[in-house]
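Bear in mind that the values in this text are calculations on the coordinates, not laboratory data. The structure presented is a predicted model; accordingly, all values stated were derived computationally and were not measured. Every residue, glycine as well, gets a Cβ built from its backbone with ideal geometry; the counts of neighbours run over all protein chains shown.
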Amino acid sequence: MKQKAVILFSGGLDSTLSAKLTEDIFELYGVVFSTPFSRVNKRVFELAEKIKLPLKHITIGEEYFEIMLNPKFGRGKGMNPCLDCHIMMLKKAKEYADEIGAKFLITGEVLSQRMMSQKSSDIVKAEKETGFSGKIIRPLSGALLPPTDAEKEGIIKRERLLGISGKSRKTQFKLAAKYAITGFGTPAGGCVLADKIFSKRIKDAIDHGELDLLRSRHLMTGRHFRLEKGSKLVIARTAGEDKFLKANADNFIRISSSGAPGPGALLSDMRDIDLALSIMARYSKKTHEFIILSARHGALSASESVDERIVKASPASEETVKKYLI
Ligand code: SF4
């Protein structure tokens, strides 16, 4: 009878290949994670279905902010706490493994592929922190790593493990062709934490004590401004973003265009209302008249709105816009 193993499956090529390389040895159960800064694309579930991998989606919520604020192992080029993040995911995968009686974890890690979490010293740190030493199998680089308990127990032979290391993905692409794997995603998937602009927004949110689930959703939408007296302004760039901000407006002041189509926005408080309106006017071609609607009671239906008023604004200069743009 096959042993159960939990595989961290991102829907990328490396984790898909790791599943293909071990599916005849283990009864595989996949886990995929979303965090406040990464979403799981439906393509990942389609790919899992294609390779017949049962897939559990685990959502990491507020606890993720702890590693954003104090990453034990530091950050990458942006605000990405990759090693801490990876360890958190391994711990969650281990909880699931314990739940279903799986003894091993499998990952698509490739030695030295990513500077932030795949150096051999990082692999050792991750195992130690997870308390799962010898139980994490890395089929793509396993031949270059110390034997796991699965090898010691004769469950998997060393010759079944590959010796891939580094950033080149030539071997993986050849294997993808061999196994006819298509539909996989790019490395790091939908994580925005390494992005330069996004990292600036995150840093600003951390500096202002604004890291929470609602505001982390805003961070991935629209244009962001930190205004003169400290208010935060988010202006939608598209009708879709406007709709999204409207649906996530709890405790924010909502500003929308009046009389003609134009951008909608959320403002944290009234300290910088004049500046906020002038910046909005800068982005509004058809009208410089706006409706200010307090959303402090949550939903934005007319019955719940308070303090509704219409105001006119003069467009801010390009210089002003640049000064406050995050
Ligand atoms: S790229 Fe993002 S999701 Fe991936 S390990 Fe780094 S922080 Fe975590």
- When the C-alpha atoms of region 44-179 are aligned to their principal axes, what extent does each axis show, in angstrom, from largest down? 42, 34, 33
- In nanometres, what is the gap between the two model label sites at Glu308 and Asp274, each 7 Å from Cα along Cα-to-Cβ? 2.6 nm
- Item | Likely footprinting exposure, Cys85, Cys191, fewest C-beta neighbours within 10 Å first | Cys191, Cys85
- Item | Translational D in µm²/s for region 221-324 (Stokes-Einstein at 25 °C, 0.890 mPa s, Kirkwood Rh from C-alpha pairs) | 184 µm²/s
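Using 1/(1 + (r/R0)^6) with R0 = 51 angstrom and r between the beta carbons of Glu159 and Asp204, what's the FRET efficiency to the nearest 0.05? Walk me through the numbers on the way to the answer.
Details: r = 51 Å, r/R0 = 1.01.
Efficiency, rounded to the nearest 0.05: 0.50.
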- Debye equation applied to the C-alpha atoms of the chain, log10 I(q)/I(0) at 0.11, 0.12, 0.13, 0.15 Å⁻¹: -0.77, -0.85, -0.93, -1.10
- Distance between Cα centroids, region 95-114 to region 234-261: provide it in whole Å. 42 Å
- Message: Below 10 angstrom from the Cβ of His224, what's the summed charge of the other residues (Lys, Arg +1; Asp, Glu -1)?
- Response: +4
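Would you tally the net charge around Lys312, using a Cβ to Cβ cut-off of less than 12 Å, leaving Lys312 out, and scoring K and R as +1, D and E as -1?
Within the 12 Å Cβ shell, the charges total -1.
If packing is taken as the average count of other Cβ atoms within 10 Å, what order do 236-245, 25-34 fall into, highest mean first? Numbers along the way, then the final one.
On the way: 236-245: 15.9, 25-34: 20.8.
Answer by packing, highest mean first, reads 25-34, 236-245.
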- Message: Here is the link list: Lys56/Lys178; Lys135/Lys203; Lys20/Lys135; Lys20/Lys128. Which ones come out longer than 29 Å on Cα distance?
- Response: Lys135/Lys203
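Taking the Cα centre as origin and putting +1 on Lys and Arg beta-carbons and -1 on Asp and Glu beta-carbons, what dipole magnitude results for the chain, to the nearest 20 debye? Walk me through the intermediate numbers first.
Working: 54 positive and 39 negative charges, 235 e Å.
Using Cβ point charges on Lys, Arg, Asp and Glu, the chain gives about 1120 debye.
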- Given 4 °C and 1.567 mPa s, how large is the Stokes-Einstein diffusion coefficient of region 1-102 in µm²/s, with Rh as the Kirkwood radius over Cα pairs? 89 µm²/s
